[in-house]
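J.: Just dropping this structure here.
The values are calculated or read from the model by the stated rules, or taken from the named source; none is laboratory data. It should be emphasised that the depicted structure is a prediction, and the values quoted were computed from it without experimental measurement. Counting neighbours? That spans all protein chains shown, and the Cβs are built from the backbone with ideal geometry, glycine included. When the accessible area is computed, the model is the full protein with side chains, heavy atoms only, and any ligands, DNA or RNA have been set aside. Shrake-Rupley method; radii C 1.70, N 1.55, O 1.52, S 1.80 Å.
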Amino acid sequence: MSNSAKAEAVLALHRFGMGPRPGSIAAIGTDPRGALIAELDRPLALTGAASLPSSAKAYRTVADANARRTARAKQAQQQAKKQQMAAAQVASGEQGQAQSEAQAPAQGEVKDAAEMAAKQAADAIPDPGRAIYLEEAKLRTEAALAADIGFAERLVWFWSNHFCVSANRIRSMSGAYEREVVRANALGRFVDLLLAAESHPAMLFYLDNLESMGANSTAGINRSRGLNENFAREIMELHTLGVRTGYTQDDVISFANVLTGWTLVPPGADPNHGGEFTFNPRLHEPGGQTVLGKRYEQEDAEQGRAVLRDLAAHPATATHVATKLARHFVADEPPPALVEQLAKSFRDTEGDLKQVAIAMVSSDDAWRGPPAKLKRPGEWGAGMVRATGITAVDPVRYTAGQELLGEPLWRPSMPKGYPDDEVSWIDGVGRRLDVANYFAERLAGMADPQAIIEDVFASQIAIEVKQAVGRAESRQQALALLFMSADFQRR
Amino acid sequence: MGFEHHLPTRRELLVGSGALFAWSQMPRIARAEGRDPRLLVIVLRGALDGLGAVAPVGDPDWISLRGDRALLLDGKPPALPLDAFFALNPAMPNLHRLYKSGKAAIVHATATPYRERSHFDGQDVLESGFTKPGATASGWLNRALLAMESGGRVDPRGSRALSIGSVTPLVVRGAAPVMTWVPQKLLPASEDTQNRLLDLYQHTDPKLATVLQARMRLASLGGAPGAGDPMSDDPTLAPPGIARVRAYFAEAAGTAARYLAKPDGPRVGAMGFVGWDTHIAEGAASGQLYNLLGALDGAFAAIESNLGEAWKETVVAVVTEFGRTARINGTQGTDHGTATVAFLMGGGLAGGRVIADWPGLKPAQLFEDRDLKPTTDLRAVLKGLLRDHLRVEEKVLAETVFPGSTEVRPMGGLVG
């Protein structure tokens, strides 16, 4: 393999994939672009996902546990109070006279003891949400570590971030959301991805649509409550058209009215379907609505679906998606020609996301620039582990590491998701050194830095890095320097 | 970031080192003598500057060699006198006290048979006990244990070495089983690692260099989050700092001592400390090396106090892969050299002396006109300890433990 072929293979693995693994450069070296495209034909399903609960099931499991916790706590509290009162009566009986203040248990003591008993009883029932989150995290991470290149996985990460929800609010569902919505549609049509995301209970929960009701809906009139605009606004601003693309406040309100009634089946209400999406007509604003100049007269969830279909097909959406994709994969300031190419592909194929991905890696503009993108923490971390050939993770440690690096899994601080530019992440490089040093220490007995440079990087790394690694005082230091090098952090 | 490795956790180790292996881990011959000897080996990775640790203040060429960086008896701070010729780095009062009470010795101008200057190869020779790097995947201490076992000296069910740290040092790797204890406190990326990374960035990525520099400046001001709490259990939040290094050294060494002290614990152990590759701003009298030697001195104190009664029957050998250049380089550091010092200590030691066949410091007396010349084979020292302390036979030492070392006679009289 020539050096230039090796260099393109390395770039392919860093820029579009999860980073090289032992042997991966040789495997794709003859045709990196073809290999990237070929990976898109492989199934995106997670190995081992059959054992994971659906989002609705996960939600019900957590709700059930919470209900049991509450019940147990109440029970324990009552018992503790009874015992205290009984003890007090015995004490006063022994005295054979009227109970004095000093002899009776103080009101506060009874309350404290009861509360402690309640807390203990509740804590005895573990929260199943954490276990589910960790299992989801484990399988997701291992998919990234085991992928040949990881282009398809990177696309899953990209779309998961584009249509993000936060595990801070819906931990039990966050992994299943990604599987049910993103994995199922990341290489399909954008409109299907959009419809799946916006009708998913996790998203409705996250963007506050569960309780949103039309002012003139049955529930709205009876309860004097009304609309929540958040969901409609974020769909237009973040998920489809992009900010400042011509929609007005009236459009937001109309669209929010359209989306009233999009909610979920209460988890306790139905043992089989609790936590699933449902359209509740009692919450829905009756009548037609005008969004972006078009009238929607449908009466039920079809009204919302029709608006979403039109938003998916809007040219602004094509440009928004194209810009984000190019910024994520290629450069903070992506070449305008590349953005236009991707937008055209999006429009021409009616949002066929696999075709857009193919258009991206087929364009010379996507390969031309220097590897100047600073990897996001998750990409960098996965790349570091992949370079060592490890494919299994301890999810507790791994997620703790991601949190330290400022990109906790499925926990962006805002609906906009994690940012994709250098300025947002570069200050975290010092923290990365701590993590690299920690990882290198644990790994120094089994990973050979020279072998990583030769086998994993085909020596496609700056001469200064080779020298620094060669002169390091220990394997730990050599590995830490290698993982922290610009060759490893930029793509 | 955490990843799955198959290292025993603290809890697993406690189970593994419990009653199961009981009394059986002590050398049987020594036991017949009524002794229960322990040996702990500490490898200083990165090549310690022996002249910066133990200065030949009586050598007429010393000051001209190191100039204003030379440790002196009337320096600031003053070096600690050992004898008429040598003085100890002022960062090591514990070692000085032990030395004065006869429980520590220093071997100077010593080296393994390795004469090149690669850390990895030098460490391989030091720990494998072979004369060339890459010859074997086992270490001399492990083979010594195995030899005692096969000779019927220890119960084969019980022979076991202790490894402290995430990385099992080669010196204890091998056929005899090793149990591992991983400290909960993590060693932060050292100042040296940061400096090297900064240098790398300055040549390859100025933006990253700027960020790293800012962080280092912040850490030096003590202003970074977590900086105030060197004992913090959070492994990665606190910035690197000598306080954390000190805490790590003391915890790791103290734990090793606690295991060796147990009646049913292992009898040999090994651990490594990194950070000794001082190319830039070595700071023997105040700075990087001074700080590290101080941390090492704290580790010695932790070993002594955690061994309790077992201190009397313990020998600790502190070794490094090679020394450093005799002269200071252009960046106030030292480069890879040859001969250096080894520290020996323990209640079982016949110490209170510096063991050295001093080669001198005149240019012609230096090795290749640059390094302290090796005059004592480190293997002689180690063989002496193994023979007289653990009772490993000389023939086994020459053939199996340090193959091809028949000519290197074990040094006698090290243990009392």
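J.: Report the longest stretch of chain A that contains none of the GluC sites (Glu not before Pro) sitting in a DSSP loop with at most 13 other Cβ atoms within 10 Å.
T.: Excluding the exposed sites themselves, the longest stretch runs over A:102-296.
J.: May I pose another question? Between region A:184-233 and region A:289-328, how many Å separate their Cα centres?
T.: Centre-to-centre (Cα) distance: 14 Å.
J.: Ordered by residue, what ³J(HN,Hα) values in Hz, to whole numbers, does region A:335-351 give under the Karplus form 6.51 cos²θ - 1.76 cosθ + 1.60, where θ = phi - 60° and Gly and Pro are x?
T.: x, x, 5, 5, 4, 5, 4, 5, 4, 5, 4, 4, 5, 5, 9, 6, x
J.: How much of the pair distance distribution for region A:132-278 lies past 19 Å, counting alpha-carbon pairs only, in percent?
T.: The share of Cα pairs beyond 19 Å in region A:132-278 comes to 58 percent.
J.: Just to check I understand the Karplus step: with θ = phi - 60° and J = 6.51 cos²θ - 1.76 cosθ + 1.60, what whole-Hz values come out for region B:320-330, glycine and proline as x?
T.: 9, 6, 6, x, 10, 4, 5, 8, 6, 8, x
J.: Please list, ordered by chain and number, the residues whose modelled amide H lies under 5 Å from the amide H of residue A:200; skip anything fewer than 5 residues away on the same chain.
T.: Residues meeting the criterion, in which the H sits 1.01 Å from N, do not exist here.
J.: So, how do all the Cα-to-Cα distances of region A:6-92 break down into 5 Å bins, in percent, from 0 on up?
T.: Result returned by the calculation: 3, 11, 11, 9, 7, 6, 7, 6, 6, 6, 5, 5, 4, 4, 4, 3, 2, 1, 0.
J.: Using modelled amide H (1.01 Å from N, peptide plane; none on Pro or chain starts), what sits under 5 Å from the amide H of residue A:461, excluding residues fewer than 5 places away?
T.: Those lying under 5 Å, H to H, from residue A:461: there are none.
J.: Cα extents of the protein assembly as shown along the three principal axes, largest first, in whole Å?
T.: Dimensions of the protein assembly as shown along the principal axes of its Cα atoms: 102, 98, 52 Å.
J.: If one computes the Cα centroid of region A:386-441 and of region A:1-48, what distance in Å separates the two points?
T.: If you average the Cα positions of each part, the centres end up 23 Å apart.
J.: Let me ask something additional. Can you classify region A:182-265 as rounded, prolate or oblate using the Cα gyration tensor, where a ≥ b ≥ c are the square roots of its eigenvalues, rounded means a/c under 1.5, and otherwise it's prolate if a/b beats b/c and oblate if not?
T.: oblate
J.: A further question on this structure: Straight-line reach from residue B:362: which lysines have Cα under 22 Å away, leaving out those fewer than 8 places along the same chain?
T.: Within reach: B:373.
J.: Averaged over peptide A:208-214, how many Cβ atoms belonging to another chain are found within 10 Å of each residue's Cβ?
T.: Going residue by residue through A:208-214 and averaging, the value is 0.
J.: Now a separate question. Please express the Cα-Cα pair-distance distribution P(r) of region A:319-378 as a list of whole percents, one per 10 Å bin, running from 0 to the bin with the greatest distance.
T.: Per 10 Å bin, starting at 0, the Cα pair percentages come out as 25, 55, 19, 1.
J.: Distance cut-off 28 Å, Cα to Cα: go down the list B:103/B:262; B:76/B:312; A:466/B:76; A:375/A:466 and report the pairs above it.
T.: Among B:103/B:262; B:76/B:312; A:466/B:76; A:375/A:466, the Cα-Cα distance tops 28 Å for B:76/B:312; A:466/B:76.
J.: Rounded to a whole number, what is D in µm²/s for region B:76-127 from Stokes-Einstein with the Kirkwood radius over alpha-carbon pairs (37 °C, 0.692 mPa s)?
T.: Calculated translational D: 248 µm²/s.
J.: Report, as an integer, the average count of C-beta atoms from other chains found within 10 Å of each Cβ along A:439-448.
T.: The shielding value for this peptide is 5.
J.: Whole number in Å², please: accessible area per residue of region A:169-307, 1.4 Å probe, ligands, DNA and RNA not counted.
T.: 39
J.: Here's a follow-up. Let me confirm one metric for peptide A:477-485, namely the mean number of other chain beta-carbon atoms within 10 Å of its residues' beta-carbons.
T.: If you average over the peptide's residues, the count of other-chain Cβ atoms is 5.
J.: Quick one: P(r) of region A:249-388 from all Cα-Cα pairs, 5 Å bins, percents rounded to integers, in order of increasing distance.
T.: Taking every Cα pair in region A:249-388, the percentages come to 2, 9, 13, 12, 11, 12, 12, 12, 10, 5, 2, 0.
J.: Give me the net charge for the shell around residue A:176: Cβ to Cβ below 9 angstrom, other residues only, Lys and Arg +1, Asp and Glu -1.
T.: Taking every Cβ under 9 Å from that of residue A:176, the sum is -1.
J.: Would you calculate a helix-derived [θ] at 222 nm for chain A, using -39,500 (n - 2.57) for each DSSP H run of n ≥ 4 and dividing by the full residue count, to the nearest 500?
T.: Taken over chain A, the calculation gives -17000 deg cm²/dmol.
J.: Continuing with this model, one more query. From the gyration tensor of the Cα coordinates in region A:133-182, what semi-axes in whole Å does the equivalent ellipsoid have, largest first, with each one equal to sqrt(5λ)?
T.: Equivalent ellipsoid of region A:133-182: 19, 13, 7 Å, largest first.
J.: Taking 4 °C and 1.567 mPa s as the conditions, I'd like the Stokes-Einstein D for region B:341-380 in µm²/s, using the Kirkwood hydrodynamic radius from alpha carbon pairs.
T.: Here the translational diffusion coefficient equals 108 µm²/s.
J.: Pull up all non-local amide H partners of residue B:349: gap of 5 or more, or a different chain, and H-to-H distance under 5 Å with H placed in the peptide plane.
T.: B:416
J.: Can you tell me how chain A classifies by the Cα gyration tensor, rounded, prolate or oblate, using a/c under 1.5 as the rounded cut?
T.: oblate
J.: For each pair in A:324/A:354; A:6/A:354; A:294/A:416; A:138/A:324, compute the distance between the two Cα atoms and list the pairs where it is over 24 Å.
T.: Result: A:6/A:354; A:294/A:416; A:138/A:324 exceed 24 Å.
J.: Also, I was wondering about something else. Considering only protein heavy atoms and a probe of 1.4 Å, how much of the accessible area of the protein assembly as shown is carbon and sulfur, as a whole percent?
T.: Heavy-atom surface of the protein assembly as shown belonging to carbon and sulfur, 1.4 Å probe: 53 percent.
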